[in-house]
Amino acid sequence: MNRHGSVGGPPCAVALTVALVLAVAHGTASSPARATPPIVRNEHHAFDPDWIEVWWTLRQKCRGCHRPGTERHDLTSYAALLGGGPDGDMPVVIPGSPEESLLFEQVLWNHASTPDSPHPDMPSMPPDRMEWLSAGQLEAFERWIRNGARQYRRPPVAGCEPLLEIHFPSAKECAACHPRQYEQWSRSMHAYAQHSPVFEAFTLTMIERTGGTIGTFCTRCHTPIGVSLGETGSTRNVCRSRLSMEGITCVVCHRMAQPYYKSSGRIPVTPGQVDQGCLYGPFVDPVPVPGGHAAGGNEYLLKSEFCGSCHDVTSPQGVRLEEAFSEWQNSPAAKEGHTCQHCHMGPIQGVPIARLQRPWGKAAVVPGIDPASLPDRPLSDHTFAGPDYSLLPDTEFPHKLDWMYEQDYRDTARLSPHQRETLTRLRIRNRSQLERARFKRYELLRNAARLHVDHPDCASTGDRIRIRVDVESLFAGHNLPTGFTAERQVWVELAIIDPLGRLEIISGGLDRNGDLLDEHSHEVEAGHLHADHRLLNFQSKFVSLTAQGTERTVIIPVNRHLAPLNVIRPPTTPAQSFGRPPIFRVAKSSLPPLQTAGRTYHARMNCGPGRYTIRVRLNFRNLPPALFDKIGIPHLKHLLETVVIDEYAGHVEVK
């Protein structure tokens, strides 16, 4: 059931297949088709809906070259579109006449490959064929211009305009000048944060078990802009806007002007388009660029406290769900001056490399600007490798084409030649991106820990030999595992292969569901299998107080033993005063930084003389199958991967 990958060699190709359910609305003249996720979710605004589509498209596809202060026509604002060019040229948009509008002429093409079409087979812009406008976008451009090229459908009310997706820049806008950073971020778990089907199902389960009182506690970390726009915790992904689905997008980090010392994702996101506010980076000497955005330096981006805003999570009732930052504060790495960024944004994942020791290059590649005029900078890796990976098809993540939001791309017989070609290119690109992310994840795990195994080299038939297995953490910055440790599994698998080739698992085996043989295994709970009492597992556990006064571990962090429906409210007494909340806690079992822990096993050599092989593996799995059962996504369990961090094989000669 589980797939095994080894971090000792090249990353293995993992086939990610999952049933994709895509709702496709077949529009009519009276009921136009709507793409999901929408560009703007809130319909209660004064903007012309076609203008929003046009502006969103221009910002993502054209802004890099067509910006103020350049020789090209400025396409970054409504006034610039209807105004003259830099040399006094005619406006590129003539209200009421798409045929006379240069903008529409430049983007129009025979998108359906219709024979004898009067339109060209390829548009003049955008130059990248993967970014050519889709049928829906061309319809929106034509309809907007023909209806008068309005910005508003009704007069806006001063001071009452709602906050919309168009008030924040998309990461694709940043890609025009920062393509390297965008490519790395797009395959990261920051970009995947809200896309994750596991997170969506887990959040809905938590909302159901708390009667909705948990609110946006989970989603405010995974989609800060979505929460700022008013999306609720129970909003399904197909109903969230495309900007919300970008998760921890560029402006979430790079719009933070000053330190904001709060945890659990309580961070502000400053609205404003790229040219309407300052974007901050780690450099104190930003270089102004014609038509570029205001830039400033913020050394807070280089500190672990910056990461701790989201990577230390305490529930409203005082349960410390994640403690990655707190672990770092008390770690050897903190004493040596190593930050989160040293290990997780350097060229080698899991190895602390100071910023000035990284590879140098151009932090920005601005269209129309001589690269020699821009200084070389130490480059940071925005892949942010961690324990998780995408469970989505390679047509959905990291990238997705605009036309794929408008029709069912699985029906290839109905696709145009251009669509089939770009779909193939997209899958190749996405697979390459996912493979790079997988390599970085394996690199991180390879640098996490190592095994030390001690056993006798020889024995006699029937002897009971002693096998000592120790796990040494190589991380100086936090525990192994860290983060949401109640779902992360790092365990030792010990097996003996007798002279006849028969395999006997001494400890660390799995049941038929793929779960470890502990209290969360259904087969152990039902009495079909014996519990593995020798299991060495560094997974923490959620512990609930029961009505009988005893404690029991649970998978979902909600105590239903005392009340079937929990209401999340701040406690009346501070949990810190007692060390933990009174009815729920986390039993921490993770391995501290640079520490060693192990277990002694005994095995009897009963198969007669010959060579016995002792095989020991240190396994890692980011999520247990039992969790998928609890949150209602058992159909995704086959995508779980068990990674072998380290492996040992030794021999015992039995006479």
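The values are calculated or read from the model by the stated rules, or taken from the named source; none is laboratory data. Predicted model only: the values in this text are computed from it and were never measured. Counting neighbours? That spans all protein chains shown, and the Cβs are built from the backbone with ideal geometry, glycine included. Side chains are part of the model used for accessible areas, which takes the heavy atoms of the whole protein and leaves out ligands, DNA and RNA. Shrake-Rupley method; radii C 1.70, N 1.55, O 1.52, S 1.80 Å.
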Legend entry - Among (1) open to solvent by less than 20 Å² (accessible area, probe 1.4 Å); (2) of a type in the set (Gly, Ala, Ser); (3) at positive phi, the one test that Ala201 misses: (3)
Inset, instruction - Look at region 117-150 and say how many of its residues are part of a helix (DSSP H, G or I) and either surrounded by 16 or more Cβ atoms within 10 Å (Cβ to Cβ) or aliphatic (A, V, I, L, M) (or both). - result: 14
Inset, instruction - For region 574-595, state whether one or more residues are in contact with a strand residue (DSSP E or B) (Cβ under 9 Å, 6 or more places away or on another chain), without any contact (Cβ under 8 Å) to a residue 12 or more places away in the chain, open to solvent by 50 Å² or more (accessible area, probe 1.4 Å) and of a type outside the set (Val, Ile, Thr). - result: yes
Inset, instruction - Count, please, the residues in region 530-550 that happen to be crowded, with 16+ Cβ neighbours inside 10 Å and of a type outside the set (S, T, N, Q). - result: 8
Legend entry - Tally, over region 355-408, of residues that are in contact (Cβ under 8 Å) with a residue 24 or more places away in the chain and part of a loop (DSSP other than H, G, I, E, B): 35
Inset, instruction - Within region 483-507, track down each residue that is under 16 Å from Leu640 (Cβ atoms), open to solvent by less than 10 Å² (accessible area, probe 1.4 Å) and modelled with pLDDT of 95 or more. - result: Gln489, Val490, Trp491
Legend entry - Any hit, region 579-594, residues being part of a loop (DSSP other than H, G, I, E, B), basic (Lys, Arg) and under 19 Å from Val492 (Cα atoms): yes
Inset, instruction - Could you please let me know if Gln181 is open to solvent by less than 40 Å² (accessible area, probe 1.4 Å) and in the same structural domain as His254 (by the TED database)? - result: yes
Inset, instruction - Output yes when any residue across region 262-277 is open to solvent by less than 40 Å² (accessible area, probe 1.4 Å), closer than 17 Å to Pro378 by Cα and not assigned by the TED database to the domain that holds Ala587, and no when none is. - result: no
Inset, instruction - Could you check how many residues of region 293-346 are open to solvent by 30 Å² or more (accessible area, probe 1.4 Å), within 30 Å of Thr572 (Cα to Cα) and free of Cβ contacts under 8 Å to residues at least 40 places away in the same chain? - result: 3
Inset, instruction - Kindly list the number of the only condition in (1) under 25 Å from Asn622 (Cβ atoms); (2) open to solvent by less than 40 Å² (accessible area, probe 1.4 Å); (3) of a type in the set (A, V, I, L, M); (4) modelled with pLDDT of 90 or more that fails for Leu379. - result: (1)
Inset, instruction - Hey, can you tell me all the residues within region 96-116 that are within 42 Å of the chain's Cα centre (by Cα) and either assigned by the TED database to the domain that holds Met404 or open to solvent by 30 Å² or more (accessible area, probe 1.4 Å) (or both)? - result: Leu102, Glu105, Gln106, Leu108, His111, Ala112, Ser113, Thr114
Inset, instruction - Go through (1) under 19 Å from Ile568 (Cα atoms); (2) within 15 Å of the chain's Cα centre (by Cα); (3) surrounded by fewer than 22 Cβ atoms within 10 Å (Cβ to Cβ) one by one and return the number of the condition Thr219 breaks. - result: (3)
Inset, instruction - Pick out, from region 267-354, the helices (runs of 4 or more DSSP H) lying fully within it that include 1 or more residues that are of a type in the set (Gly, Ala, Ser). - result: 304-311, 324-329, 332-335
